[in-house]
Amino acid sequence: MVYRAEYIWIDGQKPTAKLRSKTRIVADADAPQEWGFDGSSTEQAPGDSSDCVLNPVRVVPDPIRGGDDKLVLCEVLNTDMTPHDTNTRANCAEVSSRYASHEPWFGIEQEYTFFKDGRPHGWPAGGFPAPQGGYYCGVGADEIWGRDIVEHHTEACIDAGLSISGTNAEVMIGQWEFQIGPGDALLVSDEIWLARWLLYRIAEEYDISAHLMPKPVSGDWNGAGAHTNFSTKEMRESYDPIIAACEALGKKADVHIKQYGAGIEQRLTGLHETAPWTEYNYGVSDRGASVRIPWQVARDGKGYIEDRRPNANMDPYVVTALITDSVCSEIDG
Ligand code: ADP
Ligand code: MN
Ligand code: MN
Ligand code: MN
């Protein structure tokens, strides 16, 4: 017998890369091997030298097809087996191994918005919905759109063995969140990409599209972020390293903002539970800060911090590598 392996990879679209996938039929006894694709169709190669390599990096059960079928997350390599320019995972792996002794953990809150017929799911044709206020963690057909898809997606993530840790309806109509983690940078980032792929794929079946755009509706509506929760071994043991991490992130605020997702200035306005993208601050329980120290962490004197700045459309390999590098290089001096 054979099984189906869905090879999933990140393309070269700018400013925000998207996911691609194709199916390979594999002999039952074999693990998924390297494969190739046409990079000239994904903005990853010129037409006269179009081959790129798919190198499997994480294999999980395929919760959609079931049985022995697999999802195969891949990194993209050049034909000489060096990392392709668009392969941000390679740097994340390098940074993670450099600072492995600090045992960095991440938990990412992925917000997203469902769209139907060109507008956010739940938005009435030719009019306006009730202003936001009741939608966050709401219940009832007047507040909630798309829960069937969310439940389906959550089950799929669990069946695939991903470390999904929760879901909730968000502040804007048709907007939702799932969380992955805590776990190390590569695991959580790989799983964010796999969970995004599952979200798009499952929403297809409902004729709805899921989007990561940071400000889907301008005006008095919350944007979509990817709050990135972070700790090191030192931060999980005492409070001074928590403050040191907040300070370290502040020193490199400009570098971080530039790599936290396209369109960040539309979302980080200083309104709608954000700090302005031009400023950096941190505080306990402060949802208007760049970085929040959760109240339990202040009470217990140890734990983790929440970087609230990353956009929903951020690349988790880039964000987790940056945070690891900025915080751990300070500890190491
Ligand atoms: P919020 O109150 O901001 O909505 P959530 O409950 O949505 O918070 O998300 C909190 C995230 O923090 C989860 O993804 C969880 O895995 C992560 N987390 C918890 N403890 C740690 C830790 N020690 N280090 C890193 N991340 C953590
Ligand atoms: Mn959350
Ligand atoms: Mn949220
Ligand atoms: Mn949060």
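The values are calculated or read from the model by the stated rules, or taken from the named source; none is laboratory data. Small disclaimer: the values here were computed from a predicted structure and weren't measured. Cβ placement follows ideal geometry from the backbone for every residue including glycine, while neighbour counts extend to all protein chains displayed. Side chains included, ligands, DNA and RNA excluded: accessible areas come from the protein's heavy atoms. Shrake-Rupley method; radii C 1.70, N 1.55, O 1.52, S 1.80 Å.
May I ask you to give the percent of accessible area on the chain that is carbon plus sulfur, with a probe radius of 1.4 Å?
In the chain, the share of accessible area belonging to carbon and sulfur is 50 percent.
Would you list which aspartates and glutamates come within 17 Å of Lys70, measuring only between C-alpha atoms, while excluding same-chain residues fewer than 8 positions from it?
Hits, sequence-local ones excluded: Glu6, Asp28, Asp30, Glu34, Asp62, Glu155, Asp159, Asp190, Glu191.
Sorted from largest down, give the three principal axis spans of the alpha carbons of the range 84-158, whole angstrom values.
53, 28, 25
Please give the Cα centre distance for the range 138-189 versus the range 291-321, rounded to the nearest Å.
Taking the Cα centre of the range 291-321 as reference, the centre of the range 138-189 is 18 Å away.
I need to check one value: relative contact order of the chain, counting alpha carbon pairs closer than 8 Å and at least 6 residues apart, in percent.
So the answer I get is 16 percent.
Give the distance, in whole Å, between the Cα centre of the range 104-125 and the Cα centre of the range 10-88.
After rounding, the separation between the Cα centres reads 25 Å.
May I ask you to order 294-300, 120-126, 271-277 by the average number of other C-beta atoms within 10 Å around their residues, highest value first?
With the highest mean Cβ count within 10 Å placed first, the list reads 271-277, 120-126, 294-300.
Excluding residues fewer than 8 places away in the same chain, name every one of the aspartates and glutamates whose C-alpha is closer than 14 Å to that of Lys116.
Glu204, Glu205, Asp207
Please work out the average accessible area per residue across the range 95-332, using the 1.4 Å probe convention, and give it in Å².
In whole numbers, the range 95-332 has 41 Å² accessible per residue.
Could you state the principal axis extents of the C-alpha atoms in the range 2-86, from the largest down, to the nearest angstrom?
The Cα atoms of the range 2-86 stretch 37, 26, 18 Å along their principal axes.
If you take every DSSP beta bridge fully contained in the chain, what fraction is antiparallel? Give it as a percent rounded to 5.
Around 90 percent of the beta bridges assigned by DSSP in the chain are antiparallel ones.
Based on the Cβ-Cβ distance from Asp30 to Ile331, what FRET efficiency comes out when R0 is 41 Å, to the nearest 0.05?
E(calc), rounded to 0.05, equals 0.40.
Please work out the average accessible area per residue across the range 2-86, using the 1.4 Å probe convention, and give it in Å².
The answer is 51 Å² per residue.
Which aspartates and glutamates have a Cα less than 16 Å from the Cα of Lys251, not counting those fewer than 8 places away in the same chain?
Within the straight-line limit of under 16 Å, Lys251 reaches these aspartates and glutamates: Glu279, Asp307, Asp325, Glu330, Asp332.
Find the Cα radius of gyration of the chain, compare it with 2.2 N^0.38 Å by division, and give the number to two decimals.
It is 1.01.
Tally Lys and Arg at +1 and Asp and Glu at -1 over the other residues with C-beta under 9 Å from the C-beta of Thr274: what net charge comes out?
+3
Fully extended, how many nm does the chain gain between Arg98 and Asp117 (0.36 nm per residue separation, minus their Cα-Cα distance)?
2.2 nm
In deg cm²/dmol, rounded to 500, what helix-only [θ] at 222 nm does the chain give when every DSSP H run of at least 4 residues adds -39500 (n - 2.57) and the total is split over its residues?
Here the helix-only value at 222 nm equals -8000 deg cm²/dmol.
Can you give the FRET efficiency to the nearest 0.05 for Ser218 and Val284, using r as the Cβ-Cβ distance and R₀ = 41 Å?
Once rounded, the FRET efficiency stands at 0.85.
As an exercise, use a Förster radius of 51 Å and the Cβ-Cβ distance of Ala298 and Lys14 to find the FRET efficiency, rounded to the nearest 0.05.
FRET efficiency, Ala298 to Lys14: 0.80.
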